[in-house]
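Before any comments, here is the structure.
The values are calculated or read from the model by the stated rules, or taken from the named source; none is laboratory data. Since the structure is predicted, the reported quantities are computational estimates derived from the model, not experimental observations. Counting neighbours? That spans all protein chains shown, and the Cβs are built from the backbone with ideal geometry, glycine included. Side chains are part of the model used for accessible areas, which takes the heavy atoms of the whole protein and leaves out ligands, DNA and RNA. Shrake-Rupley method; radii C 1.70, N 1.55, O 1.52, S 1.80 Å.
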Amino acid sequence: MPVMQIELLKSDALGRIEIVTDGDQSWIRRDIRPARFGMRWIARKAAAREARVLTILAGVDGVPQLLAWDEGLLERSFMAGAPMQQAQPRNPDYFRQAHRLLKRLRGLGVVHNDLAKEPNWLLRDDGRPGIVDFQLAWHSRKRGRLFRLLAREDLRHLLKHKRSYCPDALTPVERGLLARRSWIASGWRATGKRVYKFVARRVFGYWDNEGKGRVRR
Ligand SMILES: Nc1ncnc2c1ncn2[C@@H]1O[C@H](COP(=O)(O)OP(=O)(O)O)[C@@H](O)[C@H]1O
Ligand SMILES: [Mg+2]
């Protein structure tokens, strides 16, 4: 009889991320039960948010499918591949498809809000992009001004990664978008980053994503 195997991918104050394998099936589990006391409430909120957003994105190729969300355990489908910082995508097609994926999310009223982090981007084994980690994502039916601004920030983060791995493929329009800094980005630079570093150091005990990939702001 096959035995369920669990491989730990990541562990922090908000819980653990594991690959669970049962026979020939694999999936990804976010377990927030071991979240540090005092962080449980935040961990629960964030996981519930991820579950809600993944429900809206059901059927979209390039994001995990929600398999289960049961008060503490969130299970989502596994996408075979490697995170961006490891896979270093240098094919312009990757970035074209990633842009299309962002448009798809936007069309469904979803912004991700954490795409500066390379570990949240995957290069899948078939060469196509994947996006994970919807804990900070936002869904809005109306897609008002703030939504459009955040969607543009998602795109700017993608373009920053493109500038790192595939600079020659940047179009003039994309360069223009990178050159124009939104008030969110400037505000972030001025205050947000300092607050974030403080919180991350004090509460989480890290700030740079444990050295796993750069965070482009
Ligand atoms: N569905 C998935 N398929 C493949 N790898 C995944 C999947 N979900 C997460 N991962 C891997 O696990 C890592 C951590 O997952 P993530 O959801 O980003 O957790 P966290 O919120 O702790 O950053 C990701 O950076 C990615 O490498
Ligand atoms: Mg992540």
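Hey, got the dipole for the chain? About the Cα centre, +1 on K and R Cβ, -1 on D and E Cβ, debye to the nearest 20?
Details: 44 positive and 23 negative charges, 343 e Å.
Approximately 1640 debye in magnitude.
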Using alpha-carbon pairs under 8 Å, 6+ residues apart, how would you state the relative contact order of region 5-77 in percent?
26 percent
Output for the chain (equivalent-ellipsoid semi-axes, sqrt of 5λ from the C-alpha gyration tensor, Å, descending) is 27, 21, 17
Out of F134, F37, F95, any idea which swings most in a Gaussian network model of the chain, alpha carbons joined below 10 Å?
F37
GNM flexibility winner over the chain from D133, D125, D31 (Cα, springs under 10 Å)
D125
Max mean-square fluctuation residue, GNM over the chain, Cα-Cα springs under 10 Å, options G130, G144, G109:
G144
Accessible surface of the chain, 1.4 Å probe, proportion on carbon and sulfur as whole %:
53 percent
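Counting each pair of different Cα atoms once, what's the Kirkwood radius of region 82-180 in Å, rounded to one decimal? List each step's numbers first, then the result.
Numbers: mean 1/r = 0.0734 Å⁻¹.
This gives a value of 13.6 Å.
Given contacts defined as C-alpha pairs under 8 Å and at least six residues apart, what's the relative contact order of the chain, whole-number percent?
Values: 331 pairs, mean separation 36.4, N = 217.
The normalised contact order for the chain reaches 17 percent.
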Among P119, V60, V195, the residue whose Cα sits farthest towards the positive end of the charge dipole of region 51-208, when +1 is placed on the Cβ of each Lys and Arg and -1 on the Cβ of each Asp and Glu, is V195
